[in-house]
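The values are calculated or read from the model by the stated rules, or taken from the named source; none is laboratory data. No experiment lies behind these values; they were computed from the predicted model shown. Methodologically, a virtual Cβ is constructed for each residue, glycine included, from the backbone with ideal geometry; neighbour enumeration extends over all protein chains shown. Only protein heavy atoms, including side chains, enter the accessible area calculation; ligands, DNA and RNA are left aside. Shrake-Rupley method; radii C 1.70, N 1.55, O 1.52, S 1.80 Å.
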Amino acid sequence: MLLDVQNLETWYGPIAAMKGVNLQVAEGRITAVLGANGAGKTTLLNTLAGVIDPFKGKVLFDGVEVQGQEADAIARRGLVLVPEGRQVYPFLSVRENLTMGAYARRDRDAVARDIERVQTWFPRLKERDAQHAGLLSGGEQQMVAIGRAYLSAPKLLMLDEPSLGLSPMLTHEIFGIIRKIRDETGTAVLVVEQNAAVALKHGDDGYIMELGRIVAADTCAALSQKEDVREAYLGGG
Ligand code: ATP
C-alpha cells in the first residue's frame, strides 16, 4: 500500500471531525472518498497533508509514519494536496505558478520537461502561459492548481473537490485528465468529492464518509451498484 491510514482522529477543539478513519490507497490507483457537506472529507485531506495535526492514529506513507510532520516535509515525500478552491497565486503568471510547484527540485531540465507535459494535458495553460493566474476562469485555475501540484513530483496526488463550481462538462474534462495523468505517469490519486456520480465513474476504489467515519468501502464499480449508495448519493434509480 502506498498510503495506509489507521484509526485517524482529528478534533477541532471539543468537536471530533474524524472519528477513527481507516483507509488505503494502492499504487497507481484512483481512490475516491465521497460524502455530504460536513462529512469530514476536507479534514481528512488536511490531516494527511500535515495542515492539521491528528489527535490519534497513524498515517503510513510509502512505509514511513508521517502523521504530525510539517506540511512541507510531507509534500517533499510526495504526498501533495491540491486544496479546495484552487488557491493559485493570482498575481503570478501561469508559468510562474507551475514553477512554484517545483521549488524544492534541483533538476531544472526535468522540471522544464514536466511543464511541457502539463501543457500537453492542459493546452489552455500553454496559450495562457504569461497571463496572471488570477485572470483565468475557475476551470483554468483548477488546471493550474493540478499542474502546480504535479510539478512537485507527487507519488500521491490528493485533490479536494476538483468539481467545485465547475460545469458538468468541465468536471468530466478535469476528471478525464486526472485519469490521463495516472495512466501516463502511474501517479496515485486520492480525490474527495461531493459529486458522487463523477467520482464513482472515474475512480477505481471508493470510500463513503459520513459524520467523520468511513461507512462503506469497495471498488467504485461495486459501490455504484449498491442500492443504498444509489439512493443516498446518486439521486435514487
Ligand atoms: P465540505 O464539503 O463542506 O468541505 P467536508 O466533508 O470536507 O465538507 P469538513 O470541512 O472536513 O467536511 O468538516 C467536518 C466537520 O468539522 C464539520 O462539522 C465542520 O463544521 C467541522 N469543522 C471544519 N473545520 C472546522 C474548524 N476550523 N473549526 C471547527 N470545526 C470545523
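Of the residues in segment 163-180, not one is closer than 29 Å to Pro14 by Cα, touching a strand residue (DSSP E or B) at 6+ places or on another chain (Cβ under 9 Å), within 14 Å of the ligand (Cβ to nearest atom) and open to solvent by less than 50 Å² (accessible area, probe 1.4 Å). Could we say that Leu8 is without any contact (Cβ under 8 Å) to a residue 60 or more places away in the chain, of a type outside the set (D, E, K, R), outside any helix (DSSP H, G or I) and open to solvent by 10 Å² or more (accessible area, probe 1.4 Å) here? No, not satisfied. Within 16 Å of the ligand (Cβ to nearest atom), at pLDDT 95 or above and over 20 Å from Glu210 (Cβ atoms) - does that describe any residue in segment 35-50? So far as segment 35-50 goes, yes, one or more of its residues are within 16 Å of the ligand (Cβ to nearest atom), at pLDDT 95 or above and over 20 Å from Glu210 (Cβ atoms).
For segment 158-178, the set of residues classified as among the charged types (D, E, K, R) and touching a helix residue (DSSP H, G or I) at 6+ places or on another chain (Cβ under 6 Å) consists of Asp160 only. The residues of segment 124-160 that are at pLDDT 95 or above, buried (at least 19 other Cβ atoms within 10 Å of the Cβ), touching a Ser or Thr at 6+ places or on another chain (Cβ under 8 Å) and not hydroxyl-bearing (Ser, Thr, Tyr), listed by number, are Ala133, Leu151, Pro154, Leu156, Leu157, Asp160. For the structure I just gave you, tell me whether Ile15 is within 16 Å of the ligand (Cβ to nearest atom), more than 28 Å from Asp218 (Cβ to Cβ) and free of Cβ contacts under 8 Å to residues at least 60 places away in the same chain. Here the answer is yes, as Ile15 does meet what is asked. In the set (1) out of contact with any strand residue (DSSP E or B) (no Cβ under 8 Å at 6 or more places or on another chain); (2) assigned to a strand (DSSP E or B), the condition left unmet by Gln24 is number (1).
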